[in-house]
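Inspection log for the structure reproduced underneath, given as structure tokens.
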Amino acid sequence: RRAASSAATKSYRCPALAASPFSDRTSPSYSSLLRCEPPQCLLLALVAMAAMHLLLPIERLLPRDCFWGGAALALSGLLLARLAFGQMSREGTSTEFDGRPTRLLTAGWFGVSRNPIYLGMALLLAGEATMLGSVGAVLPLPFFLLAMHWWYVPAEERRLDELFGPAW
């Protein structure tokens, strides 16, 4: 299993460690210790937001009254990601980020968004940034969004295209 999954996971390298979006992320020179899957990148972004809010608050962008709106946004994102993950599980397709999907999901949450889990993650981060309200808390958000856009989504879409062809 390890040999089979290593080929599929080579494109899932931590984007923060790549020189540019155009660098060779499939190179064997990347250590397996540097592998960063989307949930780990999400956790890294959440921690970075909190740390930058504390260490580099710079300026408050939003009033403290926005805290509960941000909490609702974060919980909505968490719920969306969890429900989409549950849908994948119920439909019997792989829930691993580097797994091989067995079915193409086009209904439910996947009928609304091609990437509802990533959308949920982005909403969670936007909610935390709103809750914290400082410039420092907002800074990691675009890096996370770009990482998903440049590294993870294209790899998954290529895999879906290879597996499901025109249906995808």
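The values are calculated or read from the model by the stated rules, or taken from the named source; none is laboratory data. Everything numeric here is computed off the predicted structure, so don't read it as measured data. With ideal geometry, Cβ positions are generated from the backbone for all residues, glycine too; neighbour counts draw on all protein chains shown. In case anyone asks, the SASA skips ligands and DNA or RNA and just uses the protein heavy atoms, side chains included. Shrake-Rupley method; radii C 1.70, N 1.55, O 1.52, S 1.80 Å.
Here are the numbers for the structure shown:
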quantity	calculated
Filter pass, PRO63 being at negative phi, open to solvent by less than 30 Å² (accessible area, probe 1.4 Å) and of a type outside the set (D, E, K, R)	no
Tally, over region 108-123, of residues that are open to solvent by 30 Å² or more (accessible area, probe 1.4 Å) and under 21 Å from CYS36 (Cα atoms)	3
Test for GLY108: is it on the phi > 0 side of the Ramachandran plot and free of Cβ contacts under 8 Å to residues at least 40 places away in the same chain	yes
Flag if ALA7 is modelled with pLDDT of 90 or more, open to solvent by less than 90 Å² (accessible area, probe 1.4 Å), of a type in the set (Gly, Ala, Ser) and not in a loop (DSSP other than H, G, I, E, B)	no
Residue in region 30-42 that is modelled with pLDDT under 95, surrounded by 15 or more Cβ atoms within 10 Å (Cβ to Cβ), under 14 Å from the mean Cα position of the chain (by Cα) and assigned to a helix (DSSP H, G or I) present	yes
Members of region 66-107 that are farther than 24 Å from LEU43 by Cα and either basic (Lys, Arg) or open to solvent by 40 Å² or more (accessible area, probe 1.4 Å) (or both)	ARG90, GLU91, GLY92, THR102, ARG103, LEU104, THR106, ALA107
Pairs, first more than 15 Å from HIS53 (Cβ to Cβ) and open to solvent by 50 Å² or more (accessible area, probe 1.4 Å) in region 136-154, second among the small types (Gly, Ala, Ser) and part of a helix (DSSP H, G or I), C-beta under 7 Å, six or more apart	LEU145/ALA122
